[in-house]
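Have a look at the structure below before the remarks.
Read-outs throughout are calculated quantities, based only on the coordinates presented, and are distinct from any laboratory measurement. Nothing here was measured: the structure is a model prediction, and the numbers come from that model. Backbone-built Cβ (ideal geometry, glycine too); neighbour counts: all protein chains shown.
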Amino acid sequence: MGRTEHSEADNLMFTLTPSQSEEARQAIVDASTRPEVHSAITALYDDLQKEIDLRRPKCILSGRCCRFEEFGHRLYVTTLELATFVQDLQSSRHPVPPPSPGGCPFQINSLCSVHLIRPFACRLFFCDSTSTEWQHEQYQTFHGRLRQLHDALTVPYYYLEWRQALDLLRQTSFF
């Protein structure tokens, strides 16, 4: 899924070079201005929500999904997701919190402060142990669709760790 267990070696594996960082940042910024990108990701999220509604996995509001270090997982996002998130964040005028070394900076008082505009993997992550296999299946299906959308919309595909991506965006006028 978009959340994986990690080791110190993983941190090196996903480090972008300065030129890759600039290319990723520019791809996100450019895609965030395109209405068809927002429409496509919104449609994908709507389809995912229909699958969630059918399965009805339990969310116990534990906040574990946002505390990456404590629970040993990472959240990864794609260029299109980030572009949509940036556009929605700007529209909502939600303040951008400072970096959070142990987890998601948008978790406030154990709750997601950007729940309505959260990325794909956040939408699919549930602590409900009976949903694990279902989550993996849905992840494969919808991530495949995300990959196809990058091609169809001619947006460069980057798959970045969430906090790394937010740091990248902090270097733009968006944050």
- Message: I need the helices of the chain that pass two filters: whole DSSP H segments spanning 15 Å or more by Cα along the axis, and mean Kyte-Doolittle score no lower than -0.5.
- Response: 35-55, 79-92
- Note on the structure: With R₀ set to 35 angstrom, the calculated FRET efficiency between the beta-carbons of Gln26 and Arg64, to the nearest 0.05, is 0.55
- In the chain, which Cys residues have no partner Cys with a Cβ closer than 4.7 Å? Cys59, Cys65, Cys112, Cys122, Cys127
- Which FRET efficiency, nearest 0.05, do Leu16 and Ser129 yield, Cβ-Cβ r, R0 22 Å? 0.05
- Query: So which trypsin sites (Lys or Arg not before Pro) in the range 39-119 pass both tests, a DSSP loop state and at most 15 other Cβ atoms within 10 Å of the Cβ?
  - Reply: Lys58, Arg93
- Item | Only Lys, Arg (+1) and Asp, Glu (-1) charged, at Cβ; the range 3-169 dipole about Cα centre in debye | 460
- Message: Between the range 92-162 and the range 23-56, how far is it from one alpha carbon centroid to the other, in angstrom?
- Response: 10
- So what is log10(I(q)/I(0)) for the chain at q = 0.10, 0.14, 0.18 1/Å, when the Debye sum runs over its Cα atoms only? -0.36, -0.74, -1.31
